[in-house]
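Scroll down for the structure; my scribbles are underneath it.
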Amino acid sequence: MARAQTAYVCQSCGSAHPKWSGRCDDCGAWNTLVEEHSAPPSGASAKRTGKGRALALETLASVSVPPDRRSTGVAEFDRVTGGGLVAGSALLLGGDPGVGKSTLILQALAAYSLKTRSVVYVSGEEALDQVRLRASRMGLSQAPVQLGSATSVEDILATLASGPVPDILAIDSIQTLWTSALDAAPGTIAQVRTATHDLVRYAKASGTAVILVGHVTKDGQIAGPKAVEHLVDAVLYFEGERGHHFRILRAVKNRFGATDEIGVFEMTGTGLNEVRNPSALFLGDRSGLSAGTAVFAGIEGTRPLLSEIQALVAPTSYGSPRRAVVGWDAGRLAMILAVLDARAGLGISGRDIYLNVAGGLKIAEPAADLAAAAALISSHTGKALPKECVVFGEIALSGDVRPAAQADARLKEAAKLGFSRAFVPVGTKAEGLALDRIADVDALVRLLAAA
């Protein structure tokens, strides 16, 4: 009789090791290896027997029916998912503790259930009274959401099999679930992977749209093996700083829609409010002119979004200059400073540099280079940019300013909010705004000096 196989699996990255050690060789985490047993193959599964089933192959020109989408009624949530939840799909929602994941899911389920549709919310972390208390605070007590509290996958699937198939099933959270098929403790790599696989298989077989809530690690990644993200159809992150009242729902994977799409919410005492005009939220009150600020016309997914980039150039008090960046890539800032020194002779690398994206927004696109450079130059010279001006463009190492994608959408959003002037790369065309076309960083320095 074959013996059971033993492996030591890292609970941080999921890699398997033949023997225990204090440190994982793959990810470097300490004290994360846990012994797991797997049953040896036996019987028909021990070897391949018989022949496979022939597949029906189709061409690329085959006409397919669009998937059935279930709109929740929360417009910002539906925007990020691509128009609503797809029947039979599995969605993974991650976020920091206390950011509002459970509030968002409960609000979306309540809005959908008011359409006389069947939804089920299973909580593995909170008691039912806690969920009801949150619903009462949000004014959703009358929504016909079916509640349950369980951590056993078998109990959840048996409960669903005993009644009508729900349209949407939400599990909060996947790290609390366990299955009796494994001896490992809840929250381990094997339990999370197996529980996710069972729920995804139920979604595909029944047509229920399954929402899984997941915790994140210290570096902001969803806890558990990467195999969980591969199993589901969409991965969303719910982001927000504790000191700010807004929250951003961001898609990083979506098999049925666009990625990098965002939805913006405002956290209030009665739940999450949708923000229809995020640009006005991130710009805030700009009544006064101050040196070191520039308005960046960016794109998040398909949505144009205006935000304010703030810079401060100060004399250094130490041997090496200080760099502090919030909301932007620190490596990108170092590159911009080097280009300004080498190509424009600005000479600010020896000073303390502080860069901040107002409102706690995180910007990743290279088109923010020109706005960051404009803010740095403005702070260094003490001359404020025109109040009615927006800036965007990518800066190359040669100092040239390169065009940015979707320039029309950026400028239309700026014009809608009352801006009348824009600093843009050469070749950008638009109507209704006065454009200052910039070829390189040296031209930007001269333009700001004359502004």
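Quick notes
- Helix axis angle, 441-450 relative to the chain longest principal axis, alpha carbon, degrees: 50
- Among the listed pairs Lys101/Lys253; Lys253/Lys429; Lys101/Lys362; Lys253/Lys412; Lys226/Lys253, those whose Cα-Cα separation exceeds 21 Å are Lys253/Lys429; Lys253/Lys412.
- The chain: antiparallel DSSP beta bridges as a percent of all, rounded to 5: 55
- Close amide H pairs (under 5 Å, H built 1.01 Å from N) link Ala29 with Cys24, residues at least 5 positions away or on another chain.
- Other residues within the sphere of radius under 15 Å centred on the Cβ of Ser349, judged by their own Cβ, net out at +3 (K and R +1, D and E -1).
- Burial ranking of peptide ranges 275-281, 57-63, 173-179, 313-319 (average Cβ count within 10 Å, highest at the top): 173-179, 275-281, 313-319, 57-63
- Solitary cysteines of the chain, where the nearest other Cys Cβ is not under 4.7 Å: Cys389
- Whole-Å distance, taken between Cα centres, linking segment 386-402 and segment 419-451: 8
- Footprinting exposure proxy for Ser379, Ser398 (fewest neighbouring C-beta atoms within 10 Å first): Ser398, Ser379
- Summed residue charge, Cβ within 10 Å of Ala251's Cβ, Lys/Arg positive, Asp/Glu negative: +1
- Tensor-based shape of segment 81-123 (alpha-carbon gyration tensor, a/c under 1.5 rounded, otherwise prolate or oblate): oblate
- Summed side-chain charge close to Pro166 - residues other than Pro166 whose Cβ falls under 12 Å, Lys, Arg +1, Asp, Glu -1: +1
- Nearest 10 degrees, 0 to 90: helix 101-113 Cα axis against the chain principal axis: 70
- Reachable aspartates and glutamates from Lys115, criterion Cα separation under 15 angstrom, eight or more residues apart if same chain: Asp167
- Straight-line cross-link reach from Lys416 at under 15 Å between alpha-carbon atoms covers these aspartates and glutamates, not counting any fewer than eight positions away in the same chain: Glu388, Asp408, Glu431.
- Residue-span extension gain [Val63 to Ala415] - 0.36 nm each, minus C-alpha spacing: 122.6 nm
Just so you know, all these numbers are worked out from the coordinates, no wet-lab data involved. Because the structure is predicted, anything quoted here is derived from the model rather than measured. Counting neighbours? That spans all protein chains shown, and the Cβs are built from the backbone with ideal geometry, glycine included.
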